[in-house]
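As C-alpha coordinates, the structure follows; a few thoughts come after it.
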Amino acid sequence: QVQLVESGGGLVQAGGSLRLSCAASGSIFSINAMGWYRQAPGKQRELVAAITSGGTTNYADSVKGRFTISRDNAKNTVYLQMNTLKPEDTAVYYCNVRGARGTSVVRVPFDTWGQGTQVTVSS
(Lines give C-alpha, C1' and ligand atoms only; values in the text may rest on other atoms or scores of the structure.)
Protein backbone atom coordinates (compact mmCIF):
# COMPACT_ATOMS: atom_id res chain seq x y z
CA GLN A 1 0.00 0.00 0.00
CA VAL A 2 1.08 3.54 -0.76
CA GLN A 3 -0.35 6.46 1.17
CA LEU A 4 -0.28 10.14 0.33
CA VAL A 5 -0.60 12.93 2.88
CA GLU A 6 -1.33 16.39 1.56
CA SER A 7 -0.98 19.68 3.42
CA GLY A 8 -0.83 23.40 2.82
CA GLY A 9 -4.27 24.36 1.57
CA GLY A 10 -6.27 27.22 3.00
CA LEU A 11 -7.87 30.58 2.44
CA VAL A 12 -5.88 33.40 0.87
CA GLN A 13 -6.63 36.74 -0.75
CA ALA A 14 -6.15 37.26 -4.44
CA GLY A 15 -2.50 37.95 -5.20
CA GLY A 16 -1.34 35.84 -2.29
CA SER A 17 0.65 32.63 -2.16
CA LEU A 18 0.27 29.10 -0.84
CA ARG A 19 2.53 26.07 -0.87
CA LEU A 20 1.09 22.58 -1.09
CA SER A 21 2.99 19.47 -0.03
CA CYS A 22 2.31 15.80 -0.67
CA ALA A 23 4.34 13.08 0.99
CA ALA A 24 4.20 9.48 -0.18
CA SER A 25 4.89 6.58 2.14
CA GLY A 26 4.63 2.81 2.13
CA SER A 27 6.44 0.02 0.34
CA ILE A 28 7.66 2.26 -2.47
CA PHE A 29 10.30 0.89 -4.82
CA SER A 30 10.35 3.81 -7.24
CA ILE A 31 8.35 6.89 -8.11
CA ASN A 32 7.91 8.03 -11.69
CA ALA A 33 5.52 10.92 -12.20
CA MET A 34 4.14 13.14 -9.46
CA GLY A 35 1.47 15.71 -10.10
CA TRP A 36 -1.20 18.04 -8.85
CA TYR A 37 -4.75 18.15 -10.14
CA ARG A 38 -7.66 20.34 -9.12
CA GLN A 39 -11.41 20.18 -9.25
CA ALA A 40 -13.67 23.19 -8.87
CA PRO A 41 -17.39 22.82 -8.10
CA GLY A 42 -19.30 21.70 -11.18
CA LYS A 43 -16.14 21.16 -13.20
CA GLN A 44 -14.03 18.20 -14.19
CA ARG A 45 -10.75 17.42 -12.49
CA GLU A 46 -7.89 18.96 -14.45
CA LEU A 47 -4.12 18.69 -14.45
CA VAL A 48 -2.38 21.63 -12.82
CA ALA A 49 1.24 20.54 -12.95
CA ALA A 50 3.30 17.38 -13.18
CA ILE A 51 6.94 16.42 -12.79
CA THR A 52 8.77 13.30 -13.91
CA SER A 53 11.52 11.44 -12.09
CA GLY A 54 14.01 13.23 -14.29
CA GLY A 55 12.64 16.65 -13.38
CA THR A 56 10.72 17.43 -16.55
CA THR A 57 7.73 19.59 -15.73
CA ASN A 58 4.40 20.23 -17.39
CA TYR A 59 1.92 22.98 -16.49
CA ALA A 60 -1.61 23.92 -17.39
CA ASP A 61 -1.63 27.11 -19.46
CA SER A 62 -3.71 28.85 -16.80
CA VAL A 63 -0.97 28.52 -14.15
CA LYS A 64 2.21 28.94 -16.20
CA GLY A 65 4.42 31.63 -14.72
CA ARG A 66 2.54 31.57 -11.39
CA PHE A 67 2.86 28.00 -10.09
CA THR A 68 6.01 25.94 -9.65
CA ILE A 69 6.10 22.19 -9.06
CA SER A 70 9.12 20.54 -7.47
CA ARG A 71 10.00 17.26 -5.81
CA ASP A 72 12.33 15.93 -3.15
CA ASN A 73 13.15 12.38 -4.19
CA ALA A 74 14.82 11.56 -0.87
CA LYS A 75 11.58 12.40 0.94
CA ASN A 76 9.18 11.09 -1.73
CA THR A 77 7.51 14.48 -1.58
CA VAL A 78 6.12 16.79 -4.23
CA TYR A 79 5.43 20.49 -3.73
CA LEU A 80 3.33 23.07 -5.52
CA GLN A 81 4.29 26.68 -4.95
CA MET A 82 1.35 28.85 -5.96
CA ASN A 83 1.95 32.58 -6.38
CA THR A 84 -0.26 35.43 -7.59
CA LEU A 85 -3.34 33.38 -6.81
CA LYS A 86 -6.61 34.26 -8.48
CA PRO A 87 -10.21 33.52 -7.44
CA GLU A 88 -10.44 31.11 -10.37
CA ASP A 89 -7.74 29.00 -8.72
CA THR A 90 -10.26 28.07 -6.03
CA ALA A 91 -10.67 24.30 -6.03
CA VAL A 92 -9.86 21.10 -4.22
CA TYR A 93 -6.30 20.18 -5.10
CA TYR A 94 -5.35 16.51 -5.37
CA CYS A 95 -1.91 14.99 -5.40
CA ASN A 96 -1.23 12.02 -7.72
CA VAL A 97 1.78 9.75 -7.58
CA ARG A 98 2.66 6.91 -9.96
CA GLY A 99 5.40 4.39 -9.54
CA ALA A 100 6.15 0.86 -8.43
CA ARG A 101 5.92 -0.73 -5.00
CA GLY A 102 7.58 -3.87 -3.72
CA THR A 103 11.16 -4.98 -4.17
CA SER A 104 13.71 -5.36 -6.94
CA VAL A 105 12.45 -8.93 -7.35
CA VAL A 106 8.70 -8.31 -7.33
CA ARG A 107 7.33 -4.90 -8.32
CA VAL A 108 3.73 -3.83 -8.70
CA PRO A 109 2.77 -0.53 -10.33
CA PHE A 110 0.68 1.93 -8.36
CA ASP A 111 -1.30 5.05 -9.20
CA THR A 112 -2.39 6.72 -5.98
CA TRP A 113 -4.41 9.84 -5.17
CA GLY A 114 -4.32 12.03 -2.11
CA GLN A 115 -7.40 12.96 -0.12
CA GLY A 116 -7.51 16.49 -1.50
CA THR A 117 -6.89 19.86 0.09
CA GLN A 118 -9.10 22.90 -0.30
CA VAL A 119 -7.65 26.09 -1.74
CA THR A 120 -9.90 29.14 -1.60
CA VAL A 121 -8.89 32.47 -3.09
CA SER A 122 -11.01 35.47 -2.15
CA SER A 123 -11.33 38.52 -4.36
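The values are calculated or read from the model by the stated rules, or taken from the named source; none is laboratory data. Just so you know, these numbers come straight off a predicted model, no measurement behind them. No Cβ is skipped: glycine too gets one built from the backbone with ideal geometry, and neighbour counts run over all protein chains shown. Keep in mind that these areas ignore ligands, DNA and RNA; they rest on the heavy atoms of the full protein, side chains included. Shrake-Rupley method; radii C 1.70, N 1.55, O 1.52, S 1.80 Å.
Numbers for the structure displayed
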{"item": "Listed peptides 59-65, 35-41, 82-88 by packing density, highest first (mean Cβ within 10 Å)", "result": "35-41, 82-88, 59-65"}
{"item": "Carbon plus sulfur fraction of accessible area for the chain, probe 1.4 Å, in percent", "result": "49"}
{"item": "Dipole magnitude (debye, nearest 20) for the chain, charges at Cβ of Lys, Arg, Asp, Glu", "result": "140"}
{"item": "Sequence-distant residues sharing a close amide H with residue 71 (under 5 Å, placed H)", "result": "79"}
{"item": "Signed unit charges on C-beta, dipole axis of the chain, positive-most listed residue 83, 23, 95", "result": "23"}
{"item": "Accessible surface, 1.4 Å probe, highest first, among residues 30, 53, 123", "result": "123, 53, 30"}
{"item": "Per-residue ³J(HN,Hα) for segment 90-100, Karplus 6.51 cos²θ - 1.76 cosθ + 1.60, θ = phi - 60°, Hz, x for Gly and Pro", "result": "4, 4, 8, 9, 10, 8, 10, 10, 10, x, 9"}
{"item": "Residue-wise HN-Hα coupling along segment 103-115, computed from phi with Karplus coefficients 6.51, -1.76, 1.60 (Hz; x: Gly, Pro)", "result": "10, 5, 8, 10, 10, 10, x, 9, 9, 10, 10, x, 7"}
